[in-house]
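Throughout, read-outs are computed from the coordinates displayed, never taken from laboratory work. Remember, it's a predicted structure, so these values are computed and weren't measured experimentally. For neighbour counting, all protein chains shown are included, and Cβ atoms are generated from backbone atoms with ideal geometry for every residue, glycine included.
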Amino acid sequence: MRRLLRSFSYAFTGIGAGIRTQANMQIHVAAAVLVNLAGLLVHLTRIEWIVIIIMQAAVMSAELVNTAIEHVVDLASPEKHPLAKAAKDTAAGAVLILAIAAVIIGLFVFVPHLWP
């Protein structure tokens, strides 16, 4: 049980570090707060909330994985290298694709509430 609690502690530490140190993570968190407030205002359905929460979790998780990849690449290759750049750019691209999809899905969810 103690090991399980310790692993949760490490995970929360990682989330906190991501929020404190990564500008994009801060943007994702701010966007999630705004989207959640908007969802409360327009009275999203249970299914709409599920979709919104899944997308928020996916985007923030991808951002944390991207940050982990960047840290590992920096550790393995402190000097500039084309493969290090490719790894970082690819991970960032994955987050961007997911964030764009989240915006599109958010539009599908919110537009009918705003313009019935």
Next on the checklist: Defining a contact as two alpha carbons under 8 Å apart and six or more residues distant in sequence, what relative contact order in percent does the chain show?
Outcome noted: 27 percent
Checklist outcome for this item: Gyration tensor on Cα atoms of the stretch 15-116, a ≥ b ≥ c root eigenvalues, a/c under 1.5 rounded, else prolate if a/b beats b/c, else oblate, says prolate
Checklist outcome for this item: Mean Cβ-within-10 Å packing, highest first, puts peptides 6-18, 101-113 in the order 101-113, 6-18
Item to check | ³J(HN,Hα) computed for each position of the stretch 96-103 - Karplus, 6.51 cos²θ - 1.76 cosθ + 1.60, integer Hz, glycine/proline x | outcome: 4, 4, 5, 5, 5, 4, 5, 5
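Arrange the peptides 56-67, 87-98, 39-50 so that the one whose residues have, on average, the most other Cβ atoms within 10 Å appears first. Numbers along the way, then the final one.
Working: 56-67: 18.7, 87-98: 15.0, 39-50: 12.5.
Ranking the peptides 56-67, 87-98, 39-50 by packing returns 56-67, 87-98, 39-50.
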